[in-house]
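Following: one structure in structure tokens, then a few remarks.
The values are calculated or read from the model by the stated rules, or taken from the named source; none is laboratory data. Owing to the predicted nature of the structure, the values given are computational and were not obtained by experimental measurement. Heads up, the Cβs are rebuilt from the backbone with ideal geometry, glycines too, and the neighbour counts pull from every protein chain shown. SASA here: full protein model, heavy atoms, side chains in, ligands and nucleic acids out. Shrake-Rupley method; radii C 1.70, N 1.55, O 1.52, S 1.80 Å.
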Amino acid sequence: MAAAATAGSSPGSGPGDSPEGPEAEAPERRRKAHGMLKLYYGLSEGEGAGRPSGPDPLDPTDLNGAHFDPEVYLDKLRRECPLAQLMDSETDMVRQIRALDSDMQTLVYENYNKFISATDTIRKMKNDFRKMEDEMDRLATNMAVITDFSARISATLQDRHERITKLAGVHALLRKLQFLFELPSRLTKCVELGAYGQAVRYQGRAQAVLQQYQHLPSFRAIQDDCQVITARLAQQLRQRFREGGSGAPEQAECVELLLALGEPAEELCEEFLVHARGRLEEELRSLEAELGPSPPAPDVLEFTDHGGSGFVGGLCHVAAAYQELFAAQGPAGAEKLAAFAQELGSRYFALVERRLAQEQGGGDNSLLVRALDRFHRRLRAPGALLAAAGLADAATEIVERVARERLGHHLQGLQAAFLGCLTDVRQALAAPRVAGKEGPGLAELLANVASSILSHIKASLAAVHLFTAKEVSFSNKPYFRGEFCSQGVREGLIVGFVRSMCQTAQSFCDSPGEKGGATPPALLLLLSRLCLDYETATISYILTLTDEQFLVQDQSPVTPVSTLCAEARETARRLLTHYVKVQGLVISQMLRKSVETRDWLSTLEPRNVRAVMKRVVEDTTAIDVQVGLLYEEGVRKAQSSDSSKRTFSVYSSSRQQGRYAPSYTPSAPMDTNLLSNIQKLFSERIDVFSPVEFNKVSVLTGIIKISLKTLLECVRLRTFGRFGLQQVQVDCHFLQLYLWRFVADEELVHLLLDEVVASAALRCPDPVPMEPSVVEVICERG
Amino acid sequence: MEDDAPVIYGLEFQARALTPQTAETDAIRFLVGTQSLKYDNQIHIIDFDDENNIINKNVLLHQAGEIWHISASPADKGVLATCYNRTSDSKVLTCAAVWRMPKELESGSHESPDDSSSTAQTLELLCHLDNTAHGNMACVVWEPMGDGKKIISLADNHILLWDLQESSSQAVLASSASLEGKGQLRFTSGRWSPHHNCTQVATASDTTLRGWDTRNMSQIYCIENAHGQLVRDLDFNPNKQYYLASCGDDCKVKFWDTRNVTEPVKTLEEHSHWVWNVRYNHSHDQLVLTGSSDSRVILSNMVSISSEPFGHLVDDDDISDQEDHRSEEKSKEPLQDNVIATYEEHEDSVYAVDWSSADPWLFASLSYDGRLVINRVPRALKYHILL
């Protein structure tokens, strides 16, 4: 179509720009036209012919193709298409032809005027050019004349010009020479005036020339003079440099000048460092003086401030100046500087550590943390400047170490606080009771201890929390984000404290002074309750608190709450068991003495319950009250109303009678044995020192078991007369009357007491038991 | 195998006193003394037939009184000493005497078929240890290695060394010492050390252990507060001369090095009531036997403080190299102290336990209700120790 028409024409003509048949969609057409253009210019076919129906350019049947052959096309149409389609294509063809015609017409009309005006312009240009040609000819002749003149003038002036040039050269040379001749005096003047910079510049300028012409005697003299002066200059500079009083920047200037004078850089940098060292050491000395034992040391914040501004600042200056001056030295120079900084830095650190060590005893964390923060922050600058010296790392290490020590200190503090609490409790317990007025109750003491420990823990947590505060420069170090929180605070401080608390408490269980009961039993009881409370609530509370305050990101394993709780529970159990042992022992001793010291063979007929038994009951009641203050009641086997007790005791004593009745009818020697053995077969074995549970009844049961078993063993070691036996009978009945209420299973008391009486009967050559009714009367009277 | 099962023997009376027949090294034989206030007391000679698991007994009458302590002479099978109560109108006095049993019972258990009906034979009194001046006898111990001529008896607060003369028919008080101090000091128990030429005796009184030199009856060492409460018994390690074990009312068994008396070497706390008796095995001192009033007998393996801390040292040359090698390997693994077994055959307090003098793997325990139980060390352990 339109594109096909342009395909053969020159590239100049705008293809497909012309408006085409309005029936074709514009974008599609344009794309087609582009495809044609590309084809023409040999561009890659694929790019343009993205359309799947991309026509084969060689196809003779392609109406738009370059190789279109109307005959072939017609043949093809005639052959392939049915009539209807032929008609359609014919009308289509006609329509397209018409459209093309009208397009062509429009084109012609549009361009006609342009052609005409172009023709006019060309004609005018032709006229103008002709005029210009004449002018150019005239110009050429004039120029030739000028050239001629100029050549003549040059020829005449040539001679003089050469002389002037030579003179100018001589003048310049003379000025230079003058400078050279004047140089020694100038230099001297400069040196006298102290304008060292100027002098060095002059020297630098003259140096090369003098070097070049030194074979001439006069120059030689100048050079010698200059060298002498320069040497003096260098000496003066060095002198100034050595004096060192004028501060780092001036020294740096001196060094710069000396370098410009060509002094050996290595030597200079050595000297520079020596001087810097002198200054920094002075700073260190002043720091050390502050540290000294005699004057009242300034607080740690002030100290680190001094250190930071004095030493670290100085070090920064030195490092900066050094790097500026001796950059040319290369890696060797940098190494030297690093070694220098490292050495001085380590001395500084030693001082800081000494100072921080003095601070360890103190309780104020915030000041310390601020000081550490300053310290750390100050050192980051030289750290960046002197990465090789590793000052920042060392500083971080120091901070970490201090933090660790701080944790240790807090742990000790907590332990001390705990021990202090214990001492208070001891004192409170030992304080003589004012008659009628009870001291602080155990429950109150327990609450006091618990709250004081908890507040100490919280205070410690708050104190160490300062180390991880956002605004502190070292808080984002990996140590403080991870290990400090998990291993340090959680494990080291909190878990460590709970463990040490348990250990301290447990140590009361196996204190060597077992006999005297170095620890008051009430303290054991209180500690046991404390540990139990920790197990049930406090531990998980503290750990949750810790985990919240120190968002632990470290993945290292930590002690789970359950383990700690189990430890606390174990401690509580051991303490309580020990309490039972101690109290049981007290009562046992009483019973034992009472059995061992009495002459049971020649005792009189019992009239009373022995005072010891009353005492035992009293003590047991007191223990009951004491335990009741801290522990719950616990479960006991049902069956104890007052009435049942009464009937039971009657039954029991009658049963006792029945039990050892046969033993004094001398027919069967083994009856007693048999009976008691049979009874034992059916009763459970009694574990005397068995572990107790956390309730009052269990505790009391344990104590009574221990006491009664002691009574039994002691009775078995003695020989009783008739009345001795009866006394035992009365005593046992009395105990039975009063002890049942304390134990979980009153059957247990009966069993043990029965066995005591039975054993006493066995140990009696003449066993005549007392009438149960009489026993009862005596007991009730007592 | 069934022969690990315990063998039980019942006495009619209460009993506290038990001893192996020390001089007998072939037959397993124990002597048990009864306690009865109303009937004649007896000494049961109990023979245990290891192969058939049968007990044979012979009964001797001990009419002097109820027996609190019994010990057999290490030199003469037929000689034994007892401490017994003599009750005389409203006074009880514990005396001690040396006895000889009838010849035919000494080493034979040819139990006559009619033993139950036949009148029990009586002990022949050799001599009486006169204690009128010294008070109640707590125990009598024989010089362990000697010829059965020397005995020590503990009476209240006196320690008395006797020489038996004229074939034991006369006891002469050779020397004595006594405890002085406030309160009523009373010895509860004593043992004669088999080491140092048998010149040392250790005693227990209240919570204190004391060592005595028998040559001049002076105190050698003193372990104050060895136990929290009364010390009930002690025993010397037969192979390590400075080691001794003690037990007491604090339910603990403690092992001491007498050169350092401030701290026990080791403490066991396995019993739940007073421990009345502790005994080292005579040959394998890692085996320690304890009896307690919680009715249990516990056999412990105290390897770490025994004379064979690395297991049995193989010194037999005829063992093949391979075996040698193996045993060496075995000895390298650290051995743990542990409880080997807890024997619960008793139903009353166990007041006496002891090893057989003939078979080192066999022991007897006696509870108050008169039950004697004979047990063996578990086979596996026995082989472990031997091989």
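Just name the residue that is nearest to the other protein chains (Cβ to nearest Cβ) out of those in the stretch B:1-27 that are under 14 Å from B:L372 (Cα atoms) and under 16 Å from the mean Cα position of the chain (by Cα). Across the stretch B:1-27, the extreme among qualifying residues is B:R16.
The selection criterion, being open to solvent by less than 50 Å² (accessible area, probe 1.4 Å), modelled with pLDDT of 80 or more and not assigned by the TED database to the domain that holds A:K470, does not hold for A:E359.
A:G513 passes every criterion in (1) modelled with pLDDT of 80 or more; (2) within 14 Å of chain B (Cβ to nearest Cβ) apart from (1). Taking the stretch B:343-368 as the range and being within 14 Å of chain A (Cβ to nearest Cβ), surrounded by fewer than 22 Cβ atoms within 10 Å (Cβ to Cβ) and in a loop (DSSP other than H, G, I, E, B) as the test, the residues that pass are B:E344, B:E345, B:E347, B:D348. Scanning the stretch B:20-54 for residues that are under 24 Å from B:V92 (Cβ atoms), open to solvent by 10 Å² or more (accessible area, probe 1.4 Å) and touching a residue at least 60 places away in the same chain (Cβ under 8 Å) yields one hit, B:Q42. When A:V775 is tested against the conditions (1) open to solvent by less than 10 Å² (accessible area, probe 1.4 Å); (2) within 26 Å of B:V350 (Cα to Cα); (3) not basic (K, R), the lone failure is (2).
Residue-by-condition table, conditions (1) closer than 25 Å to B:H346 by Cβ; (2) more than 14 Å from chain A (Cβ to nearest Cβ); (3) assigned to a strand (DSSP E or B):
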position: B:T34; (1), (2), (3): yes, no, yes
position: B:K38; (1), (2), (3): yes, no, no
position: B:I46; (1), (2), (3): yes, yes, yes
position: B:A64; (1), (2), (3): no, yes, no
position: B:K77; (1), (2), (3): no, yes, no
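If the condition is being open to solvent by less than 50 Å² (accessible area, probe 1.4 Å), in a loop (DSSP other than H, G, I, E, B) and among the aliphatic types (A, V, I, L, M), then the stretch B:247-291 contributes only B:V261. For the stretch B:149-180, a tally of residues being of a type in the set (S, T, N, Q) and over 18 Å from B:T199 (Cα atoms) returns 6. Here A:T544 meets each of (1) open to solvent by less than 20 Å² (accessible area, probe 1.4 Å); (2) at pLDDT 80 or above; (3) not acidic (D, E) with one exception, condition (1). Scanning the stretch B:254-268 for residues that are of a type in the set (A, V, I, L, M) and within 14 Å of another protein chain (Cβ to nearest Cβ) returns B:V261, B:L268. Hey, among B:T87, B:T82, which residue is in a strand (DSSP E or B), at pLDDT 85 or above and either surrounded by 15 or more Cβ atoms within 10 Å (Cβ to Cβ) or hydroxyl-bearing (S, T, Y) (or both)? It is B:T82. Specify the residue that is nearest to A:L717 (Cα to Cα); the eligible residues are those in the stretch A:596-623 that are of a type in the set (G, A, S) and assigned to a helix (DSSP H, G or I). The qualifying residue nearest to A:L717 (Cα to Cα) is A:A611.
How many residues does the stretch B:369-387 contain that are part of a strand (DSSP E or B) and open to solvent by 40 Å² or more (accessible area, probe 1.4 Å)? Result for the stretch B:369-387: 1. In the set (1) surrounded by 22 or more Cβ atoms within 10 Å (Cβ to Cβ); (2) within 14 Å of chain A (Cβ to nearest Cβ), B:L244 fails one condition alone, (2).
Restricting the stretch A:556-612 to residues that are among the polar types (S, T, N, Q) and closer than 30 Å to A:R490 by Cβ leaves a set whose member that is farthest from the other protein chains (Cβ to nearest Cβ) is A:S556.
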